[in-house]
Amino acid sequence: MKKFLFIALLFVFVHSVFAQNDKVTVFLKNGSTFSGKVLEPDSPDVFKMESRKNVLVFPKTDIDTILYRNTANKQTLVEVPWFFKVDGGLLPGNSENEESAPQFFHGSFNYGLTGNLFAGGGTGVEYYMEQTFIPAFANFEFKFRQTRFSPHLFLKAGYLFPGEVQQPSDLYSNSDSRNLPPKYLKASGGVLLNPGFGFTSMLGPNLGFSIAAGYRHHVLNYSGKDKYELEQRYNRISLSLGLIFK
């Protein structure tokens with residue numbers, strides 16, 4: 001937990017460094033050019049800026065290119081309707097199982113349905129009870145505003161599949177299944193549901209990162225001899241850090 005809090009503080013520091021006075025040059029499709037400072041827009045369909053003490057608002061459909069000027073270099077920002085995200089984290093919390101804080105690693109490809117709503121799909125790897133599971137999930141993200149730093153809501157919903165073929169041991173073959181821990185039973189996976197809230201910070205036109213927390217619910221099903229079945233339910237907090245590529 002201390003490591004996660006340290007990374008969260010580092011996130012805030014890095015964002016404060018990159019977010020200071022974003023200066024831009026806006027090129028309109030009609031050939032006009034304006035330079036100034038980015039302002040937070042009142043609508044996701046417009047771009048708002050301050051130029052020579054005047055506040056200017058442009059419909060995004062009228063903009064050809066936005067040139068962001070940092071202190072060390074210049075970068076051209078071309079808005080794209082998709083992003084690829086990799087994230088990993090922990091699932092701390094109390095539950096009726098032996099896992100203290102399982103780790104997960106996910107990757108997802110997401111496409112913009114509207115200016116603020118993205119939907120996509122992803123997969124990854126998770127590890128429970130000495131067994132590997134592969135998630136397959138739909139991912140939804142809603143950004144509250146179209147700025148470099150924005151809060152967002154997310155939802156992952158899908159299924160966890162066993163990632164390896166279980167190899168029955170002598171203990172599995174000769175003992176009563178009801179007395180065995182899940183790692184000796186046949187795994188068949190289960191549903192996954194993970195809503196949450198986070199923050200996204202774009203460090204440039206093609207790279208950003210995020211920090212998020214949420215609620216994770218998933219089910220793992222197992223079976224043994226004599227039609228024995230075992231269901232384990234996980235209800236935990238999810239804490240994650242992610243990288244965003246456009």
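Quick notes
- Some residue of the range 212-227 being among the hydrophobic types (A, V, I, L, M, F, W, C) and closer than 18 Å to Leu153 by Cβ: yes
- Only one entry of Ala138, Ala157, Ala101 meets the criterion of being surrounded by fewer than 16 Cβ atoms within 10 Å (Cβ to Cβ), closer than 25 Å to Glu231 by Cβ and modelled with pLDDT under 95, and that entry is Ala101.
- Count of the range 27-50 residues, restricted to those that are under 20 Å from Ser150 (Cβ atoms) and either hydrophobic (A, V, I, L, M, F, W, C) or part of a loop (DSSP other than H, G, I, E, B) (or both), is 11.
- Verdict on Leu180 being at pLDDT below 85, aliphatic (A, V, I, L, M) and either under 24 Å from Gln103 (Cα atoms) or out of contact with any strand residue (DSSP E or B) (no Cβ under 7 Å at 6 or more places or on another chain) (or both): yes
- Meets criteria (in contact with a helix residue (DSSP H, G or I) (Cβ under 7 Å, 6 or more places away or on another chain), in a strand (DSSP E or B) and at pLDDT below 90) for Tyr172: no
- Residues that are in contact (Cβ under 8 Å) with a residue 12 or more places away in the chain, of a type in the set (Lys, Arg) and surrounded by fewer than 18 Cβ atoms within 10 Å (Cβ to Cβ), drawn from the range 190-246: Lys225, Arg233, Lys246
- In the range 223-246, the residue that is farthest from Pro102 (Cα to Cα) out of those that are touching a helix residue (DSSP H, G or I) at 6+ places or on another chain (Cβ under 7 Å) and in a helix (DSSP H, G or I) is Asp226.
- Hey, Val24 among the aliphatic types (A, V, I, L, M), modelled with pLDDT of 90 or more, in contact with a Lys or Arg (Cβ under 8 Å, 6 or more places away or on another chain) and not assigned by TED's automatic domain parsing to the domain that holds Glu231 or not: no
The values are calculated or read from the model by the stated rules, or taken from the named source; none is laboratory data. This is a predicted model, so every value here is computed, not measured. Quick reminder, even Gly has a Cβ in these numbers, built from the backbone with ideal geometry, and neighbours come from all protein chains shown.
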